[in-house]
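Notes for the one structure printed next.
The values are calculated or read from the model by the stated rules, or taken from the named source; none is laboratory data. In this text the structure is predicted, and so the values were computed from the model without any measurement. Note: ideal-geometry Cβ built from the backbone for every residue, glycine included; neighbour counts use all protein chains shown.
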Amino acid sequence: MDLGFLLHALIPSWNSVAVLVVFFAYLAIAGSMLPGKLVPGVTLQDGSRLHYRCNGLLALLLLVGLFGVGSKMNLLSPTVISDRGLELLSTTFMFSFLTMVVLYATGCRSQSKGSSLKPHITGNLMHDWWYGIQLNPQFMGIDLKFFFVRAGMMGWLLINLSVLAKNVEDGSLSQSMILYQLFCVLYILDYFVHEEYMTSTWDIIAERVGFMLVFGDLVWIPFTFSIQACNNDLEKKITSNLHHILGWWLLNNKVVLTLAAAIANCFVFLIGYLVFRGANKQKHIFKQNPKALIWGKPPKVIGGKLLASGYWGIARHSNYLGDLLLALSFSLPCGISSPVPYFYPIYLFILLIWRERRDEARCTEKYKDIWAEYCSFVPWRIFPYLY
Ligand code: NDP
């Protein structure tokens, strides 16, 4: 029965295919039609530049509005996603897999010599499949990298809202759920308010479109970042079933936070937000105008290229520290009775430590002596005085 439940819940259904198709179709149409600032991306090796239409906030608000109106008019159920979480997970996984088959096959056949579409084939199938072979593949004029990350962030919010609707329906809305939902909404809205800053991040400028990125954006972000939200519902079903199969202990979902704990939780969110947003904003502004004031003073610039003021003078990746604090704040509402809700911060910790190493290698190669000078000026990688 237990294993049967899991297997049954994981089988993709036509309903889940329909949900996914409608979601992607909406994103494609909204992304191309809604007004938004056209932001030039970084200059690529061949001198070309992509332009990104940053209309994600409008697309998200419209989507949530449509979702709300559709639910109110009984055209769809607000719990359409939370009712079929595992089905949607497996459907999205299969979609990611198939997308990569197509991208890999078309990438291999590409004759392009331009930076965006030139295939980088190492001959190691697993490596090429995982990391991808093209920098900026497109489909019907849509930049897939930008599209996928947008889908992941919006998908995360939709899952959360659907779980919230389920909670309200069940009459089991808790203070923890409200805090978690609030933090995530603020984080996701902020992401889209500052969507243009994404155009200078590692994923957009340096990462090729491989299974790692497609799976990460479409499956990992929406489905694992929402584990905390699922505590009261989907996860309860899974964990209670796994409890019998694997001897995994059952999560205690009833968390009562003290006022002090709730305030401390808000504090972690706020500090994380200030560091995360502040650091990413400072770098973005610096790239646009290297003379722009940082914290009211002219910036310290190393070799004319690297910012060593503000957050970037405290640690070489303060933005990662901010993100980690934010991730922690999303899990703290769940209390400390189980490590399961801490999946996201733990995963992010591992990812960002690894990513910092990769970025360090990239910057060492790109900036050479200037990077070494920056490292001696700012010795801390992510955590000031620790690492
Ligand atoms: P960064 O935005 O930190 O970008 C790194 C690049 O910035 C470097 O390759 C270099 O590129 C440039 N750079 C580094 N140091 C300096 C400096 N001192 N002065 C000027 N330029 C500098 O990395 P990411 O793209 O990895 O992260 C962006 C955000 O996304 C972070 O806040 C991160 O936490 C978040 N993130 C979240 C994830 C999640 O799963 N939640 C996953 C990954 C990232 P250049 O060649 O342009 O100079």
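Some notes on this structure:
- Number of the condition not met by LEU386 [criteria: (1) out of contact with any helix residue (DSSP H, G or I) (no Cβ under 9 Å at 6 or more places or on another chain); (2) within 11 Å of the ligand (Cβ to nearest atom); (3) of a type in the set (A, V, I, L, M)]: (2)
- None of ILE221, ILE271 is within 16 Å of the ligand (Cβ to nearest atom), aliphatic (A, V, I, L, M) and at pLDDT 95 or above except ILE271.
- Subset of segment 178-215 (residues that are away from the ligand (no atom under 11 Å from the Cβ) and not aliphatic (A, V, I, L, M)): TYR180, GLN181, PHE183, CYS184, ASP190, PHE192, GLU195, GLU196, ARG208, GLY210, PHE211, PHE215
- Of all residues in segment 154-170, those that are in the same structural domain as TYR187 (by the TED database) and within 15 Å of LEU86 (Cα to Cα) have Cβ atoms under 8 Å from Cβ atoms of residues that are aromatic (Phe, Trp, Tyr) and at pLDDT 90 or above, 6 or more apart or on another chain, in GLY155/PHE23; LEU158/PHE23; LEU158/PHE67.
- Residue count, segment 173-188 (criterion: crowded, with 17+ Cβ neighbours inside 10 Å and not β-branched (Val, Ile, Thr)): 9
- Yes/no for PHE286 being within 21 Å of VAL193 (Cα to Cα) and at pLDDT 95 or above: no
- Top-ranked residue in segment 274-295 [being surrounded by 13 or more Cβ atoms within 10 Å (Cβ to Cβ) and more than 10 Å from the ligand (Cβ to nearest atom); ranked as farthest from TYR311 (Cα to Cα)]: ALA292
- Residue match in segment 308-321 (condition: among the aliphatic types (A, V, I, L, M), surrounded by 19 or more Cβ atoms within 10 Å (Cβ to Cβ), more than 9 Å from the ligand (Cβ to nearest atom) and assigned to a loop (DSSP other than H, G, I, E, B)): yes
- Qualifying residue in segment 143-164 (condition: crowded, with 16+ Cβ neighbours inside 10 Å, small (Gly, Ala, Ser), more than 16 Å from the ligand (Cβ to nearest atom) and closer than 25 Å to ARG277 by Cα): no
- Counting the residues of segment 192-215 that are closer than 26 Å to LEU10 by Cα and surrounded by fewer than 19 Cβ atoms within 10 Å (Cβ to Cβ) gives 1.
- Screening PRO298 with (1) surrounded by 19 or more Cβ atoms within 10 Å (Cβ to Cβ); (2) more than 10 Å from the ligand (Cβ to nearest atom) gives one miss only, at (1).
- Taken over segment 373-383, the criterion of being exposed (fewer than 13 other Cβ atoms within 10 Å of the Cβ) and either assigned to a loop (DSSP other than H, G, I, E, B) or in contact with a helix residue (DSSP H, G or I) (Cβ under 9 Å, 6 or more places away or on another chain) (or both) is satisfied by PRO379 alone.
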